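The values are calculated or read from the model by the stated rules, or taken from the named source; none is laboratory data. Predicted model only: the values in this text are computed from it and were never measured. Note that we place each Cβ from the backbone using ideal geometry, even for glycine, and neighbour counts take in every protein chain shown.
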Amino acid sequence: MTLSAPADHSDRERTRARIAEVLARARRRTRVLTDSVDEADLVAQHSPLMSPLVWDLAHIGNQEELWLVRDVGGRDAVRADIDELYDAFKHARVNRPALPLLNPAQARGYVGSVREKVLDVLDTADLDGGPLVHEGFAFGMIAQHEQQHDETMLATHQLRRGAPVLSAPPAPAAPVPVGGEVVIAAGDFLMGTTADPWALDNERPAHPVHVPGFAIDVAPVTNAQYAAFIADGGYDRPELWSERGWAHRCTAGLVAPQFWERDGDRWYRTAFGVRAPLRPQQPVVHVCWFEAEAYARWAGKRLPTEAEWEKAARFDPATGDSRRYPWGAGAPDEHTANLGQRHLEPAEVGAYPAGVSATGVHQLIGDVWEWCSSSFEAYPGFRAFPYREYSEVFFGGDYRILRGGSFGTDEVACRGTFRNWDHPIRRQIFAGFRLARDLREDER
Ligand SMILES: [Fe+2]
């Protein structure tokens, strides 16, 4: 017992240090996203799909207060009077600007005082305590929550009109272009996780899944490939679309991905206020699930199921194990994945050879969220934790799965098991897709 005590102690201190670091990183990002615009832009609603940025800001603080100050810390409330205003289930995004929200100065002051108390709680929290704090889970959940709102706020920035306020170095070009597909043989693999300490309830538990043999594209669909679909009349051929997809394409007047604009025979894309010619080898982004479905039919393929996507990302045929990330267990960095708003665009396909999966598939993590064919359902053995509203209330709804994170996603909220979901008509998210297909008789 005594021999293991120092190791346990240093493990706990390492966890505490990591928590402090991920919370600080999330806050730096939140500041960039909220300090880069003026007061009028902070309180404005840039799209009915989005909250005013100042709502996201105070909501980040309010969730942090509820879980870490009051629940984990057992401390008095900082602002119990505002809980209702910042409850995402009580007010739809479209109604949030009309609420008596904290103004920008109040919101900044509020998130600052909450954070101060949280760092105090962190100093003494028993990280071996109950399930909520075990290995720092609640702190990890709150860091992920803030980063998820940072990605949402980045989407608000993309919808905002006016002069550019955000900038970042361009995403890397590909040393060697990649394309084609790989075949993944039929067999079981372990999907989801039981052991990952900060994995959320919907990623749990790990469970074996039999996946029939399939082929999956080595890279996501690029702008050039998507432009060929448009040039071939993709948006004018109802036979390529599902009935629901075609109805939506007509009602919404879809003719190209969101933020694309044609000038003569060239396509331009506006990103964060900057209009530039499309980069042909970057993954297409800002397409809805119905557009992805139509493109797949045009290409004679289909979207991968969620299990196929995860098997391509995590399965190591040499060992039979499932990896945390496509490249292994090591945390993502600038050589393996385009994450963390380091670049404000997806990188060309093939730009991250060090991030390739054991099955030979590129860029599964980062760049663009990838639409899967599956809807959002519980894994066998699912248990809601720490509250039903995190995932359970969304199971069985009209949602499609998104996997892998985007250039706007922080690594703390991205791993091979991470599941995202959204309505099939949504385009403001940083989503693209890749294709898969069943195996032919001679390939099995
Ligand atoms: Fe939230």
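Okay, here's what the table says:
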{"quantity": "Subset of segment 294-308 [surrounded by fewer than 23 Cβ atoms within 10 Å (Cβ to Cβ) and touching a helix residue (DSSP H, G or I) at 6+ places or on another chain (Cβ under 7 Å)]", "calculated": "Arg297, Trp298, Arg302"}
{"quantity": "Out of Pro164, Pro97, sole residue that is more than 26 Å from Leu23 (Cβ to Cβ) and outside any loop (DSSP other than H, G, I, E, B)", "calculated": "Pro97"}
{"quantity": "Selection within segment 248-283 - within 22 Å of Ala351 (Cα to Cα) and of a type in the set (D, E, K, R)", "calculated": "Arg269, Arg279"}
{"quantity": "Residue match in segment 35-51 (condition: in a helix (DSSP H, G or I) and within 15 Å of the ligand (Cβ to nearest atom))", "calculated": "no"}
{"quantity": "Residue match in segment 168-184 (condition: within 16 Å of the ligand (Cβ to nearest atom) and either of a type in the set (Asp, Glu) or modelled with pLDDT under 95 (or both))", "calculated": "no"}
{"quantity": "First in segment 10-33 and of a type in the set (Gly, Ala, Ser), second anywhere and buried (at least 17 other Cβ atoms within 10 Å of the Cβ), Cβ under 6 Å, 6 or more apart", "calculated": "Ala26/Ala143; Ala26/Glu146; Ala26/Gln147"}
{"quantity": "Selection status of Asp76, farther than 21 Å from Asp201 by Cβ and modelled with pLDDT of 95 or more", "calculated": "yes"}
{"quantity": "Flag if Gln147 is assigned to a helix (DSSP H, G or I), modelled with pLDDT of 95 or more, within 16 Å of the ligand (Cβ to nearest atom) and not small (Gly, Ala, Ser)", "calculated": "yes"}
{"quantity": "Selection from segment 83-119 of residues that are among the charged types (D, E, K, R) and exposed (fewer than 14 other Cβ atoms within 10 Å of the Cβ)", "calculated": "Glu84, Lys90, Glu116"}
{"quantity": "Qualifying positions in segment 194-230 - in a loop (DSSP other than H, G, I, E, B) and either farther than 26 Å from Pro283 by Cβ or among the small types (Gly, Ala, Ser) (or both)", "calculated": "Thr194, Ala195, Asp196, Pro197, Trp198, Ala199, Arg204, Pro205, Ala206, Pro212, Gly213, Ala219"}
{"quantity": "Pair list, Cβ < 8 Å and 6+ apart or interchain, from segment 258-277 residues that are touching a residue at least 60 places away in the same chain (Cβ under 8 Å) to residues that are β-branched (Val, Ile, Thr)", "calculated": "Gln258/Val287; Phe259/Thr270; Phe272/Val165; Gly273/Val165"}
{"quantity": "Members of segment 325-339 found to be buried (at least 23 other Cβ atoms within 10 Å of the Cβ) and either small (Gly, Ala, Ser) or not assigned by TED's automatic domain parsing to the domain that holds Ala199 (or both), listed by number", "calculated": "Ala337"}
{"quantity": "Check on Glu389, surrounded by fewer than 24 Cβ atoms within 10 Å (Cβ to Cβ), part of a loop (DSSP other than H, G, I, E, B) and out of contact with any strand residue (DSSP E or B) (no Cβ under 8 Å at 6 or more places or on another chain)", "calculated": "no"}
{"quantity": "Candidates Ile19, Ile60, filtered to the one that is assigned to a helix (DSSP H, G or I), within 30 Å of Ala331 (Cβ to Cβ), within 16 Å of the ligand (Cβ to nearest atom) and not aromatic (Phe, Trp, Tyr)", "calculated": "Ile60"}
{"quantity": "Among the candidates Val54, Val32, residue that is in the same structural domain as Asp123 (by TED's automatic domain parsing), within 16 Å of the ligand (Cβ to nearest atom), aliphatic (A, V, I, L, M) and at pLDDT 95 or above", "calculated": "Val54"}
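Rundown of residues vs (1) touching a His at 6+ places or on another chain (Cβ under 9 Å); (2) closer than 21 Å to Trp55 by Cα; (3) without any contact (Cβ under 8 Å) to a residue 24 or more places away in the chain, yes/no style:
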site: Leu102; (1), (2), (3): no, yes, no
site: Ala105; (1), (2), (3): no, yes, yes
site: Gly109; (1), (2), (3): no, yes, yes
site: Val121; (1), (2), (3): no, no, no
site: Asp128; (1), (2), (3): yes, no, no
site: Val133; (1), (2), (3): no, no, no
site: Met153; (1), (2), (3): no, yes, no
site: Leu166; (1), (2), (3): yes, yes, no
